[in-house]
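Below is one structure, written out as structure tokens, with a few remarks after it.
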Amino acid sequence: MPRPSPVTDVVRSLFESGARHSWSLTELHESACERLGDADYSTVFRAVTAMERDGVLVRIEVGDGKARYERREEHHDHVRCNSCGKVEEVPGCSLREAEVAAQSSTGFAIAGHQLIFTGLCPDCAPA
């Protein structure tokens with residue numbers, strides 16, 4: 001059993017707070033440092049990896065070259081701002097029927113998908 005860690009506790013509380021929908025490792029590390037005064041990046045990484053392995057978190061890729069993590073919940077898609085990089089949840093699933101069609105036409109047992117819409121968020125869109 002892993003020993004208690006203030007960094008792991010902070011990482012867990014950041015996800016539980018709902019302050020953000022998804023977190024990159026860098027964002028988690030910076031927030032842990034703000035709360036604790038200092039935090040080792042590798043400890044943040046290990047905490048996230050353990051939470052992903054335990055099924056608490058899911059890793060998502062939104063096309064910006066950074067892995068992000070969010071709490072495991074009902075499947076949904078995402079939208080990313082091309083200007084500032086902000087990522088938001090798109091409620092529901094836009095591709096349920098397409099997933100069934102892909103499985104039917106290929107014979108694959110589809111395990112999931114990731115859909116990322118891109119554009120400009122309200123703050124970055126021209127007025």
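The values are calculated or read from the model by the stated rules, or taken from the named source; none is laboratory data. Quantities reported herein were computed from a predicted structural model and do not represent experimental measurements. A quick note on method: Cβ atoms are made from the backbone with ideal geometry, for glycine too, and the neighbour counts reach across all protein chains shown. In case anyone asks, the SASA skips ligands and DNA or RNA and just uses the protein heavy atoms, side chains included. Shrake-Rupley method; radii C 1.70, N 1.55, O 1.52, S 1.80 Å.
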### Message
For the range 87-108: of the residues being open to solvent by less than 90 Å² (accessible area, probe 1.4 Å) and among the aliphatic types (A, V, I, L, M), which is modelled with the lowest pLDDT?
### Response
L95
### Task
Determine whether the range 46-65 contains at least one residue that is surrounded by 15 or more Cβ atoms within 10 Å (Cβ to Cβ) and over 26 Å from A111 (Cα atoms).
no
### Message
Quick test of your reading of the structure: S42 fulfils all but one of (1) within 16 Å of S13 (Cα to Cα); (2) loosely packed, with under 14 Cβ neighbours inside 10 Å; (3) not charged (D, E, K, R). Name the failing condition by number.
### Response
(1)
### In the range 68-86, residue most open to solvent (accessible area, probe 1.4 Å) [restricted to those that are more than 17 Å from H113 (Cβ to Cβ) and of a type in the set (A, V, I, L, M, F, W, C)]
C84
### Task
Look at the range 95-127 and say how many of its residues are touching a His at 6+ places or on another chain (Cβ under 9 Å), touching a residue at least 24 places away in the same chain (Cβ under 8 Å) and part of a loop (DSSP other than H, G, I, E, B).
3
### Task
Could you name every one of the strands (runs of 3 or more DSSP E) located completely within the range 46-94 that has at least 2 residues being more than 11 Å from the chain's Cα centre (by Cα)?
77-81
### Message
Condition check: over 19 Å from the mean Cα position of the chain (by Cα) and surrounded by fewer than 10 Cβ atoms within 10 Å (Cβ to Cβ). Does P122 satisfy that?
### Response
yes
#### Entry: Some residue of the range 28-39 being touching a residue at least 12 places away in the same chain (Cβ under 8 Å), open to solvent by less than 80 Å² (accessible area, probe 1.4 Å), in a loop (DSSP other than H, G, I, E, B) and polar (S, T, N, Q)
no
### Summary
Checked the range 91-127 for anything among the hydroxyl-bearing types (S, T, Y) and closer than 12 Å to H76 by Cα; matches are S94
### Task
Provide a single number: the residues in the range 10-27 that are surrounded by 14 or more Cβ atoms within 10 Å (Cβ to Cβ) and either among the acidic types (D, E) or touching a Cys at 6+ places or on another chain (Cβ under 9 Å) (or both).
1
